[in-house]
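Below is one structure, written out as structure tokens; comments come after it.
The values are calculated or read from the model by the stated rules, or taken from the named source; none is laboratory data. Worth saying up front: this structure is predicted, and the values here are computed from it rather than measured. Here the Cβ is made from the backbone with ideal geometry for all residues, glycine too, and neighbour counts use every protein chain on show. Keep in mind that these areas ignore ligands, DNA and RNA; they rest on the heavy atoms of the full protein, side chains included. Shrake-Rupley method; radii C 1.70, N 1.55, O 1.52, S 1.80 Å.
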Amino acid sequence: ESGAISALRFEAEAFNKGHSFGAIQKPFVALHSENIALSSPVSVLGTPVAGNIEDTYTNLPLVAERLGMISDNMGYIYSLELLRAPGDRPQKESEGRLQDMQGIEKLYKDYRSIVPYVNVDRVYTTDIENGKKLIMGEKR
């Protein structure tokens, strides 16, 4: 595989001789797979307690915990998506499909103020974590 094809495939700058975003697909797929598993119903796991007066059939605490984990994973997924965004500004989709371009541009500007554009390979751990915190409204 030539360097130019590899660069295009992993959205690297032409001068970047590294792997660029080739490795990013792995955490994305892992988070997506985990979200699928976490979304499996748990209502069939119910157990009657307190002499059938009370029960935990809804498993609401487990459902709430799983929903929190899915939300956290989505913060990472969106951070990964923004990491791959173009260097200057978000791309506008055709025919006005993006209704809130100002909001998207603000998010992008805020994101790029803490996570620089990737033009050469680097360790992405801090970038992904900082992006997730921004997306989730957490303090950095």
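Kindly indicate whether residue 41 is modelled with pLDDT of 65 or more and either assigned to a loop (DSSP other than H, G, I, E, B) or in contact with an Asp or Glu (Cβ under 7 Å, 6 or more places away or on another chain) (or both). First the steps, then the outcome.
Values: modelled with pLDDT of 65 or more: yes; either assigned to a loop (DSSP other than H, G, I, E, B) or in contact with an Asp or Glu (Cβ under 7 Å, 6 or more places away or on another chain) (or both): yes.
Answer is yes for this residue.
Each row is one residue, and each column tells you yes or no for (1) aliphatic (A, V, I, L, M); (2) at pLDDT 85 or above; (3) within 18 Å of residue 133 (Cβ to Cβ); (4) surrounded by fewer than 17 Cβ atoms within 10 Å (Cβ to Cβ).
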residue: 20; (1), (2), (3), (4): no, no, no, no
residue: 25; (1), (2), (3), (4): no, no, no, yes
residue: 32; (1), (2), (3), (4): no, yes, no, yes
residue: 71; (1), (2), (3), (4): no, yes, yes, yes
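Taking the condition at pLDDT below 85, touching an Asp or Glu at 6+ places or on another chain (Cβ under 9 Å) and assigned to a loop (DSSP other than H, G, I, E, B), does residue 122 pass? Step through it out loud before you land on a result.
Working: at pLDDT below 85: yes; touching an Asp or Glu at 6+ places or on another chain (Cβ under 9 Å): no; assigned to a loop (DSSP other than H, G, I, E, B): yes.
No, not satisfied.
When both residues are 6+ apart or on different chains and their Cβ atoms are under 9 Å apart, which pairs have a first residue that lies in the stretch 25-36 and is within 14 Å of residue 79 (Cα to Cα), and a second that is open to solvent by 60 Å² or more (accessible area, probe 1.4 Å) and of a type in the set (Asp, Glu)?
Pairs that qualify, where the first residue is within 14 Å of residue 79 (Cα to Cα) and the partner is open to solvent by 60 Å² or more (accessible area, probe 1.4 Å) and of a type in the set (Asp, Glu), are 28/81.
Provide a single number: the residues in the stretch 106-119 that are surrounded by 12 or more Cβ atoms within 10 Å (Cβ to Cβ), at pLDDT 90 or above and in a helix (DSSP H, G or I).
4
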